[in-house]
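*Asks:* Have a look at this one before I ask anything.
We did not get these values from a lab; they are worked out from the coordinates using the rules stated. Only a predicted model underlies this, so the values are computations on that prediction, with no experimental measurement involved. With ideal geometry, Cβ positions are generated from the backbone for all residues, glycine too; neighbour counts draw on all protein chains shown.
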Amino acid sequence: MCGALRRAKRIRGSVSLKSWLRRSLIAAGILFVLLAVFSLEFLSFGGQFRELQPQTPGECTTLPLSASAEDIQIDRNRSIAYLSSLDRRALVTGADVEGEVLQIDLAADPLRIDKALESAPPFFRPHGMALYRMGDGKLRLFVISHPPEQSHTVEIFEQSATGRFVHIETVRDPLLVSPNAIVAVGPRQFYVANDKGASNVWQRFRESALRAGLSTLVFHDGTTGRIVASGLKSAVGLGISPDGLRLHAAETLGKRLAEYSRNPLTGDLRFTRHIELDGSPDNVNVDVDGTLWIAIHARLLDLIRHFGDPQHPAPTTIVTYANDAVRPVYVEDGSSISAGSVGAVFDGRLYIGSITEPELRVCRLR
């Protein structure tokens, strides 16, 4: 009797083990399929299967720089381009580096590079920039900075009689959680795009892997900041229309621009629509006629690989948006300039800066 019971228990145990193994294999198979689908979707979203058709607007040359120019702002009155200059590749490796703002005389032949600042705050690491001309004609320069082991700042400079900028104010605000882009709308008033909004590990996973919209736009009224738009998918670029009534925010993980109508009295924004793009946008520059010049990262995984391996190119694309139409102007695989992050136009030339490359690509517009 006891032997029969033991045999019955062994049989039941064997059946239970087989059932458990079957369920485990089914679960593993489902997990594998989900991971495969997720990987393919991520590769497709990141543009890894895209075929790029090379295109240039005209003859292009390369201007060597001391460091990369992630952002470019142009003073059209004085024919000067300002570059956010920082050795960002060294920064990725953990090097303790500081940056500067450079200026280029766009009327000179050859182009002449000089320092734009008479003074800068300690541990200055410039990122996005904006220009604002005050009622008395004086020009102010707003620069996002990421000083090490300190809170993010917006540094405000004013142009002196020498033409260079003097540092006049440092703005800190708890809502500047990950500032990337800025537009100035007053002597001390500005909008900032936070490219991240996650506050814990789960939110970081949702934001980066699942592309959850946790980014915000912050308006600073000269005294304090407040969130005026939320739910953006990694907002990294801002552009304001010449009349100051429309604001565009580039969403890298949304592959689109978010368009807002702006109340110039209160600073409030009202969402109007999304403008879909074939790639992940970066900085936005606005021409005098309102045309948007947008830098696009066509292949995100190539961009990520490029950060770790300088020999692996990341494509550079510049498009325009005008009259409800997106038009490619500059498209290449990264062999001429990798990781292009900004395109700015002046006097028949397109100036392209990069996140990592210490050079400026200069193209004539036909």
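*Asks:* Whole angstrom only: what separates the Cα centroid of region 205-229 from the Cα centroid of region 54-106?
*Replies:* Spelled out, the Cα-based centre of one part sits 26 Å from the other.
*Asks:* For the ranges 286-296, 177-187, what's the packing order if you count other beta-carbon atoms within 10 Å of each residue, average per peptide, and put the highest first?
*Replies:* Ranked by mean Cβ neighbours within 10 Å, highest first: 177-187, 286-296.
*Asks:* Among 141-153, 54-66, how do they line up from the highest to the lowest mean number of other beta-carbon atoms within 10 Å?
*Replies:* Answer by packing, highest mean first, reads 141-153, 54-66.
*Asks:* Find which of L300, A209, P358 sits farthest along the positive direction of the dipole of region 60-364, computed with +1 on the beta-carbon of Lys and Arg, -1 on that of Asp and Glu, about the Cα centre.
*Replies:* A209
*Asks:* Let me ask you something else. In whole Å, what are the extents of region 96-172 along the principal axes defined by its C-alpha atoms, from largest to smallest?
*Replies:* 41, 32, 18
*Asks:* Along the charge dipole of region 87-175, pointing to its positive end and built from +1/-1 on Cβ of Lys, Arg, Asp and Glu, which listed residue (G99, F142, Y132) has its Cα farthest out?
*Replies:* Y132
*Asks:* Express in nm, to one decimal, how much length is gained between N263 and A161 on full extension, taking 0.36 nm for each residue of separation and deducting their alpha carbon distance.
*Replies:* So the chain would gain 33.4 nm between N263 and A161.
*Asks:* Based on alpha-carbon atoms only, what is the radius of gyration of the chain relative to the globular estimate 2.2 N^0.38 Å? Before the final figure, lay out the partial values.
*Replies:* On the way: Rg = 24.8 Å, N = 366, 2.2 N^0.38 = 20.7 Å.
This ratio for the chain stands at 1.20.
*Asks:* Related question: What does the charge dipole of the chain about its Cα centre add up to, to the nearest 20 debye, if the Cβ of each Lys and Arg holds +1 and the Cβ of each Asp and Glu holds -1?
*Replies:* Taking the Cα centre of the chain as origin, the dipole is about 2740 debye.
*Asks:* Separate question: Would you mind calculating the gained length between I304 and T62 on full extension (0.36 nm times residue separation, minus the Cα-Cα distance), in nm to one decimal?
*Replies:* 84.8 nm is the gain from fully extending I304 to T62.
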